[in-house]
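Written below as structure tokens is the structure these notes are about.
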Amino acid sequence: MADREPQAAAHAHLRVPPKALKEYPLTLRPFFWNQKRKYGAILDGALLWGRSPLVFRMLALLYGAFDRRRSPVDPAMRSLLTVRVSQLNGCAFCIDLNTATLLKRGVSEEKAFALADWRTSPMFDARERLVLELAERMTRDPQTVDDDLIADLGAHYDHDGIVELAGLIAFQNMSAKFNTALGVPPKGFCRVPLPKAVVAADDGPVHAPSLPSEAAGE
């Protein structure tokens, strides 16, 4: 009982409480150890996913596959996608963590600030705009991905690359929706605060600007 009380207090913001660490299976310890080494603590999301150990291990392997060195999608592009999808879902934790990764991958703070306004900002090239268009259309409900967009992406990526783009966008949508639904808060990974327009408030989600009707078909 004594072990549970500090644990419960530390994670009172979560809508589902984590288990006591000793209750997680040994097979998850390497994942937890790696997070403590990398982030200084075990992330709330990992403790929640850890309630379903098999699913957690498979998710970790899937993310590792998307983030591998030989991915046809370069690291900066992967981070642009994950931050934008996080913004659209209003996941404050995801915005925080993924923006920190974006900056580590060499993207400037100015460009990170401009991401929510990528359609009008001159900082994004044609390839980035197409990929962000795919992310927006896949994330919005209903989806409006069409043959023309996939054909335009074909000027920059082969079929394998397009599949990985779509897969990563889908994965980040799942992650963001999971974290938001269960109340996972930001942890302050990103030292540079994002504009208020794209950071989720404590009492509500981000409301990203609507897509122009000609792009979204709305």
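List of remarks:
- A Förster distance of 25 Å, applied to the separation of the beta-carbon atoms of residue 22 and residue 182, puts the FRET efficiency at 0.70.
- Each label was represented as a point 7 Å from its Cα along the Cα-to-Cβ direction; for residue 105 and residue 52 these points are 2.6 nm apart.
- Potential lengthening between residue 150 and residue 63 on full extension [0.36 nm per residue; Cα-Cα distance subtracted]: 29.0 nm
- Straight-line cross-link reach from residue 111 at under 16 Å between alpha-carbon atoms covers these lysines, not counting any fewer than eight positions away in the same chain: 196.
- For the residue pairs 36/104; 104/187; 19/104, the alpha carbons lie more than 26 Å apart in 19/104.
- Distance from the C-alpha centroid of the stretch 82-115 to that of the stretch 124-177: 17 Å, rounded to the whole angstrom.
- Rg(Cα)/(2.2 N^0.38 Å) for the stretch 15-68, N = residue count: 1.09
- Dipole of the stretch 120-198, positive direction: furthest Cα of 142, 165, 176, with charges on the beta-carbon: 176
- Prolate/oblate/rounded label for the stretch 62-146 (Cα gyration tensor, a/c 1.5): rounded
Bear in mind that the values in this text are calculations on the coordinates, not laboratory data. The model shown is predicted, which means the values in this text are computed figures rather than measured ones. Cβ: placed from backbone, ideal geometry, glycine included. Neighbour counts: every protein chain shown.
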